[in-house]
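The values are calculated or read from the model by the stated rules, or taken from the named source; none is laboratory data. Treat the numbers as computed from the prediction; the structure is a model and nothing was measured. Because the Cβ atoms are built from the backbone with ideal geometry, glycine has one as well, and the counts that use them run over all protein chains shown.
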Amino acid sequence: TPSAVSSTSAPSPLPLPLPSPSTPGNSATGAAGCIPNGIAIPAGATTAIIGDVDGDQQPDTEFYTEVGAFSYGIHTASGATVLLPDDLAGPGAHSGWSAPLDGPAIVATVLDDGRSASLHAFINCSFVTTMGTDGQPYRFLLNGFGEHGTGVACNNRNGGTLIEGALAQKRGDGLYDIQWTQINMSADGTTATNGTTETRYAGLAESDLLVKQAMGSYCNDVPKVSTSGR
């Protein structure tokens with residue numbers, strides 16, 4: 001059973017920009033960074049310092065704002081603010097994180113509402129929404145809210161960062177086996193396909209940290225920002 005699905009019920013074979021720079025640099029390999037656009041981080045937003053996402057070798061800032069509709073955003077050290085509207089419908093706290101990937105020279109962004117997660121890319125100083133092979137936005141299921149997956153994470157076991165979908169399956173004896181599926185994003189971040197799948201862990205207790213990580217959205221030590229959950 002694949003560990004990640006798109007927005008339809010069948011598994012996909014496998015992060016709408018608001019104002020952004022009009023002549024962007026490359027989000028992963030450029031040298032100048034994004035062009036300043038005069039847009040400030042909204043007042044009251046939750047913020048976190050992250051690594052360089054626009055190629056100027058300077059740390060950038062991610063944030064989540066609840067002003068109006070929920071939005072995740074990145075404010076670059078060069079002075080550009082780019083927003084990604086959050087269209088997830090879960091009633092609790094919404095969270096997001098961004099991480100540069102190896103392979104495609106893009107930054108993956110994952111938003112979640114505790115029930116599902118959406119996949120996007122920050123590339124050329126703007127966000128794009130990643131689509132599955134069915135033409136629908138690529139989605140991960142979280143925390144048991146579906147049959148085809150339980151989580152999303154990044155994998156750097158081989159020294160590189162990749163996106164993976166998780167499926168934590170409870171056995172008859174109450175222990176868990178965890179299956180991971182590599183998600184292959186295109187070079188422009190617009191599409192994703194499921195790659196290889198492996199059962200990486202078996203016979204874990206429900207309290208095991210690996211099980212908890214496979215039931216949500218995380219990326220190792222990459223910071224997450226969240227809404228208040230109100």
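Only a single criterion out of (1) surrounded by 15 or more Cβ atoms within 10 Å (Cβ to Cβ); (2) within 23 Å of residue 63 (Cα to Cα); (3) in contact with a strand residue (DSSP E or B) (Cβ under 7 Å, 6 or more places away or on another chain) is not satisfied by residue 214, namely (2). Any residue that is under 25 Å from residue 183 (Cα atoms) and at pLDDT 90 or above - is there at least one of those in the range 27-50? Yes; the residues of the range 27-50 include at least one that is under 25 Å from residue 183 (Cα atoms) and at pLDDT 90 or above.
In this structure, residue 169 does not satisfy being in a strand (DSSP E or B) and touching a Leu at 6+ places or on another chain (Cβ under 7 Å).
Rundown of residues vs (1) in contact with a Pro (Cβ under 8 Å, 6 or more places away or on another chain); (2) basic (Lys, Arg); (3) within 27 Å of residue 56 (Cβ to Cβ); (4) assigned to a strand (DSSP E or B), yes/no style:
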{"site": "119", "(1), (2), (3), (4)": "yes, no, yes, yes"}
{"site": "127", "(1), (2), (3), (4)": "yes, no, yes, yes"}
{"site": "134", "(1), (2), (3), (4)": "no, no, no, no"}
{"site": "143", "(1), (2), (3), (4)": "no, no, no, no"}
{"site": "149", "(1), (2), (3), (4)": "yes, no, no, no"}
{"site": "152", "(1), (2), (3), (4)": "no, no, no, yes"}
{"site": "163", "(1), (2), (3), (4)": "no, no, yes, yes"}
{"site": "174", "(1), (2), (3), (4)": "no, no, no, no"}
{"site": "178", "(1), (2), (3), (4)": "no, no, no, yes"}
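Scanning the range 172-209 for residues that are of a type in the set (A, V, I, L, M), surrounded by fewer than 15 Cβ atoms within 10 Å (Cβ to Cβ) and under 22 Å from the mean Cα position of the chain (by Cα) yields 187, 209. Candidates in the range 67-109 are the residues that are in a loop (DSSP other than H, G, I, E, B) and among the β-branched types (Val, Ile, Thr); of these, the one that is surrounded by the fewest Cβ atoms within 10 Å (Cβ to Cβ) is 67. Taking residue 222 as the residue in question, decide whether it is aliphatic (A, V, I, L, M) and assigned to a loop (DSSP other than H, G, I, E, B). Here the answer is yes, as residue 222 does meet what is asked. Scanning the range 55-66 for residues that are of a type outside the set (Asp, Glu) and either assigned to a strand (DSSP E or B) or under 14 Å from residue 84 (Cβ atoms) (or both) turns up 61, 63, 64, 65.
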